[in-house]
Each structure stands twice: as C-alpha cells, then as structure tokens.
Amino acid sequence: MLALAPALAQPGAPPAAAAAASAPVAGDAVLDLLRERGLLPGPAPLEAARFVRQVRETASELVMTAMNFLGVPYRRGGTSADQGFDCSGFTRHVFEHSIGLVLPRRSHEQAQHAGLLPVRRDELKPGDLVFFNTMRRAFSHVGIYVGDGRFIHAPSSGGEVRVEDMRAAYWQKRFNGARRAEGAQPAAEATAPATAAAPAGRP
C-alpha cells in the first residue's frame, strides 16, 4: 500500500501558508480515495496534504482512473482489476479507459509507440508514462507519473498497485525516460497556447 512520508514543513514557510497547505478540502476526490483505502489514517500530515492537493489540482481523468486501482494485486499477464495487473497491463488499461488510447501490450513497445512524445525528467507532468530498467534491459518497467516526484504502478509478484517515490535510490538509478500522450493532461493545460518549444528526449 502507499506509504506517505512524515510531515516536513518548508523552511521559512509562514504559518498561514502551512495551515492552508495542510487543510483538507471538502469533497476532495483524491483525499477521500486515499482515506477510503486506509492510506491516510487520521488527519493528513503536511507533506501528504501537499501531495494530495497537487494531484487534485493537476489531475486529469487519466490520473484519477489510475488512482482508483490502488491495492489491486499484481498478476503477471494481468490486464484488468478482476484479473490483477502487471506493469504494462496496468498502464494499457488506464490509458484505454481514460483517454481512449490503446497502447501496445509490452512496456518496451509502449516506450516506442509513435503516438507518444519523449519527455525529459525535469518536465514530467501528471499522466506521463515513466519507464525504468529493472530487468537489465531498457524500458522493462512502466508506471504513470502522478506528481510530486511520485508514480503509480503495478510493481512485481506479490505486490499490488501502489504509489512510490521516483527519488528513491532504486528508481533514480533505473529511470529510462518518459513519454506523454496528448489528452493525458488536464484540458485547460492541453489547450493553453505554447510559449516556447519544449526540448524532447531522454535525460
């Protein structure tokens, strides 16, 4: 299950800002979902509240769809909540049922899909696919970036769909690159005029 880090107040942050960041929002779908799954027992600590707020404010339908599968067991070859998911089965299911994009079945094929654009690590946005080398080959694992340095994925045998921190040493060393699909971002952001061409490619 998702383990959220202890509260960390930002140095120099005014008390009013800290209170606003930690205050739960009535009807917050992400916060409600995390509490319902037992992932936020009791009042949310400051860092957890910041994470929830960021996901809520940037959440596309794709990210919200992905969050609904927290806790679904890993199953090799699995492509549905009833069967369980493996990593690429999870991303394929979420993309198809949220934005209607049918991805290839395997993670390395998803990384090479013509309909996805390469994204640098410092340009990640919620809804981007993130890839890792976990089996001594490029793009052998995939998940979905949800914001605040975290991604959601179906990890491995015996695990379940969960959110993890990409800044952890294990994931940092194995990060392969990211891809973005048009329609994976919130509508207001997707329709905003571009101010500059964003460089693409792996970091």
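The numbers here are math on the coordinates, done by the rules we state, and not lab data. Treat the numbers as computed from the prediction; the structure is a model and nothing was measured. Quick reminder, even Gly has a Cβ in these numbers, built from the backbone with ideal geometry, and neighbours come from all protein chains shown.
Taking a ≥ b ≥ c as the square roots of the Cα gyration tensor eigenvalues, region 65-187 comes out rounded, since a/c falls below 1.5. Of the trypsin sites (Lys or Arg not before Pro) found in region 83-125, the ones in coil according to DSSP and having at most 14 other Cβ atoms within 10 Å of their Cβ are ARG105, ARG120. Note on ALA138/ASP82: beta-carbon distance plugged into 1/(1 + (r/R0)^6) with R0 of 35 Å gives a FRET efficiency of 0.70.
Amide H to amide H distances under 5 Å link GLY177 with PHE131, where only residues 5 or more positions off or on other chains count and H is placed in the peptide plane.
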